[in-house]
Amino acid sequence: MKFSSTLTTMTALVLAATLAQSALAADVKLGLAAALTGPAAKYGVAIKNGFTLATEEVNAKGGVNGNKLVLMVEDEQGKKEDAINVFKKLIFQDKALLVFGPTLSNSAFAADPIANAAKVVAFGTSNTADGITAMGPFTFRNSVMEADVLPVTTRAAVKHFGIKKVAIIYGNDDAFTKSGYDVFKATLAKQNIPVTTTEAYAKGDVDFKAQLTKIKASNPDAIVCSCLTEEAANIILQTRTLGMKQPFIGGNGLNSPKLFEIAKNAGDDTIMGSPWSAENLTPANKAFIAAYKAKFGSDPDQFAAQAYDALYIVAAALKTVKLTGALPADRVALRDALPAVKIEGATGDFTFRKAPEAGGKPVGYDAQQEAIVNIAKGGKFVLLK
Amino acid sequence: MLEQQLINALTLGSVYALFALGFTLVFGVLGVINLSHGAIFMLGSYVALMLVEQLALPLWLAMLVAMLASGAIGLAVDYLVLRPLRKRNAPHLAPMIATIGVAIILTNLAQGLFGAENKRFPQGIIPENSFTFGSIHITAVQIGIVVISFVLMLVLLAVMRRTQLGRALRAIAESPKAAYLLGINVEGLFYLTSFAAAALGGAAGVLVGLSFNAITPFMGQPMLHKGIAVIILGGMGDIRGAMIAGLFLGFAEVLTVAYISSDFRDAVGFGLLFLILLVKPSGMFGKVLERKA
């Protein structure tokens, strides 16, 4: 009798303690939809690494307001359909407070409307296509738009090489490379640089010699390449086997050590604009690069850097939010807190900027950041002075 | 520019032809559209890459071993997937669907083993010298591709036309039942065909890996699309037709880029396919079709 009452008391005490604990500190569940398999896995894995690193750092320092962050990672395979499914799972089944991702702009256009309908923030860290944040007020991204970066890059390249006319090559079946092409086209028109010829290729193409031979015949001073890293590297190599010496101008897609693993020094003189550079020696970036190398044994890229910063942006917003445990209210509260965040991250000073209004519909927030212009020298990107 | 484009077209066309050769051989003899051919092509280039990287084999030996290894994979696919369906007299669609499954499994396997990233042959392995004639640039690899493709094509053609084995294969293509009654080891030759076709696919994989530096688990899929176009253009099961249609597709694509627009590169290739099917549903070499291989 006595024994059992002790037991009851103890159980009650333990229970009360647990409840008290959970009222004070709860897990904050953050979803991440990333392409961990499939052709986009190289970006998705870097993104997952960036988030993992930042989450561990935040938790090691005691979390946010005493709450531990829990990252729930799901593979969306770089496909629209899977991005939709993963978003649904993270939002409705796993009850994530917010969802990061998906990796590709293509997938974001498919999945973000689900988050907006459910009033959950969809936070892209790698979606740079135009119109992503016009999808709804719950769409955020810290990936800097090509429209902000490429004009700065192009102007710097024109000045550096004394360029009079350029040729363009781009992937015409990918939202990211196509959108980069559109921006380049508008930029070149605005800056009065004539285009000698515009060539396209499709996903999976490996032989670009036909297009490049045509570009060679049009005799441009430089080649503008709205491409992903691996295609860009092969395009650069193939131009050299055709005896072409023109420098390349590119965007975010070229910002990866992979470019030089494949193209080696053939990629020298390539000019690339990006919000992040390994050569940007701010304390925050140096700390990020060192921590990333220590944890994963490899150099981070821009995708890892932007993912890393995104977690810190959300952590900063969470600091100002009083979580009630009522999921719908908390989700909206987090959304309302995000636009005011200002941090200095691996990619530099970061703030949000409201997306341009589109047809009177409420819109989300884009990144407001400075572009860093780099030039390839000796098989790596250095800052262009 | 035209001269250079013709060289580009010849290289590209040779690769298409070589890839389509094994593909059409299997159709001719086994009557099966083996959609795992693209995945086997992909594995061929990985095998050669591993041999060169891990065991430091010379390139020619790596390529030979890669052909044998792809052949063995093709044989395994035949034994494990196609043979049970043959035994059961499964309808025509069954082996086609089954080989889609095989392709997906092999692609995922390759991704698990080698990762999703592009791999390339180490520099220094590939002869990097190139030759310049006026405005034309040709690399040693391009010459190698054309020569190796043509040698393999001619060897296969000679075997089919001039040997007892070729006669037996053509007999099977005509009617497996009649061939069996004549005392031909039909099942054995099915295996041999699957082996040889996969070995040719593996060789094409190594050549593509060498020339374009983009070995990925996903490289088989786009090539498979071209391969399907080529064997239909050339007449299903026709070896000479596949060779000519492969070259034809290469030239069509490159000249489209040169004189129309790179946006229409694939559209023109497949548009031609559509046109030829309208005019001559059995492909460019329709007559030969009746004889198949």
*asked:* Please report the net charge: other residues with Cβ closer than 14 Å to the Cβ of B:Gly13, K and R +1, D and E -1.
replied: +1
_Using a 10 angstrom Cβ neighbour count of at most 14 plus a DSSP loop assignment to flag exposed GluC sites (Glu not before Pro), which longest range of chain B is free of such sites?_
B:129-289
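With Rg and the Kirkwood Rh both taken from Cα atoms, where does Rg over Rh land for the range B:20-109? Could you put the intermediate results ahead of the total?
Details: Rg = 14.3 Å, Rh = 13.8 Å.
Taking Rg over the Kirkwood Rh, I get 1.04.
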*In nm, give the distance between the simple-model label positions of A:Lys88 and B:Val155, each being 7 Å from the Cα along the Cα-to-Cβ direction.*
5.2 nm
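So what is the relative contact order of the range B:143-246, in percent, for Cα pairs below 8 Å that sit 6 or more residues apart? Write out the running numbers ahead of the final one.
On the way: 48 pairs, mean separation 17.0, N = 104.
Value for the range B:143-246: 16 percent.
Under 1.5 on a/c is rounded, so check that first for the range B:128-227, then, if it is not, pick prolate when a/b is larger than b/c and oblate when it is not; a ≥ b ≥ c are the square roots of the alpha carbon gyration tensor eigenvalues.
Since a/c reaches 1.5 and a/b is larger than b/c, the shape of the range B:128-227 is classed as prolate.
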*What aspartates and glutamates sit close enough to A:Lys385 to cross-link, taking a C-alpha to C-alpha distance under 14 Å and skipping anything fewer than 8 places away on the same chain?*
A:Asp269, A:Glu279
*Could you check what % of the DSSP bridge pairs in chain A are antiparallel, to the nearest 5?*
35 percent
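How high is the relative contact order of chain B, given as a whole-number percent (alpha carbon pairs under 8 Å, six or more residues apart)?
Numbers: 484 pairs, mean separation 110.8, N = 293.
After rounding, I find 38 percent.
Counting pairs of alpha carbon atoms under 8 Å apart in space and at least six apart in sequence, what relative contact order in percent does chain A give?
Details: 795 pairs, mean separation 66.5, N = 385.
It rounds to 17 percent for chain A.
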*Under 21 Å Cα-Cα from A:Lys354, which lysines qualify once same-chain neighbours fewer than 8 residues away are excluded?*
A:Lys119, A:Lys342
*Quick one: order B:Trp60, A:Trp276 by neighbouring beta-carbon count within 10 Å, fewest to most.*
B:Trp60, A:Trp276
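Longer than 28 Å from Cα to Cα, which of A:Lys159/A:Lys185; A:Lys88/A:Lys319; A:Lys165/A:Lys264; A:Lys80/A:Lys295; A:Lys164/A:Lys258 are they? Say none if no pair is.
A:Lys80/A:Lys295; A:Lys164/A:Lys258
Tell me which GluC sites (Glu not before Pro) from the range A:328-379 have a DSSP coil assignment and no more than 15 other beta carbons within 10 Å of their own.
Details: sites: A:Glu344, A:Glu357, A:Glu370; in loops: A:Glu357, A:Glu370.
Within the range A:328-379, the qualifying GluC sites (Glu not before Pro) (loop, at most 15 other Cβ atoms within 10 Å) are A:Glu357, A:Glu370.
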*Search the structure for amide H atoms under 5 Å from the amide H of A:Leu323, placed 1.01 Å from N in the peptide plane, and list their residues when 5 or more places away or on another chain.*
none
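Using Cβ counts within 10 Å as a stand-in for footprinting exposure, how do A:Phe288, B:Phe212 rank, fewest first? All intermediate terms of the calculation are to be shown ahead of the outcome.
Numbers: A:Phe288 26, B:Phe212 22.
In increasing order of surrounding Cβ atoms, one gets B:Phe212, A:Phe288.
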_In the range A:297-343, the trypsin sites (Lys or Arg not before Pro) that fall in loop regions by DSSP, at most 15 other Cβ within 10 Å_ = A:Lys322
_If you only keep lysine pairs separated by 8 or more in sequence, or across chains, how many in chain B come under 27 Å at the Cα atoms?_
9
*In which sequence would B:His137, B:His225, B:His92, B:His37 go, from the one with the fewest C-beta neighbours within 10 Å to the one with the most?*
B:His92, B:His225, B:His137, B:His37
*Could you tell me whether the range A:16-174 comes out rounded, prolate or oblate from its Cα gyration tensor? Rule is a ≥ b ≥ c as square roots of the eigenvalues, rounded for a/c under 1.5, then prolate if a/b exceeds b/c, otherwise oblate.*
prolate
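Computed from the coordinates by the stated procedures, all read-outs in this text should not be read as laboratory data. Because the structure is predicted, anything quoted here is derived from the model rather than measured. Positions of Cβ are backbone-derived with ideal geometry, glycine not excepted, and every protein chain shown enters the neighbour counts.
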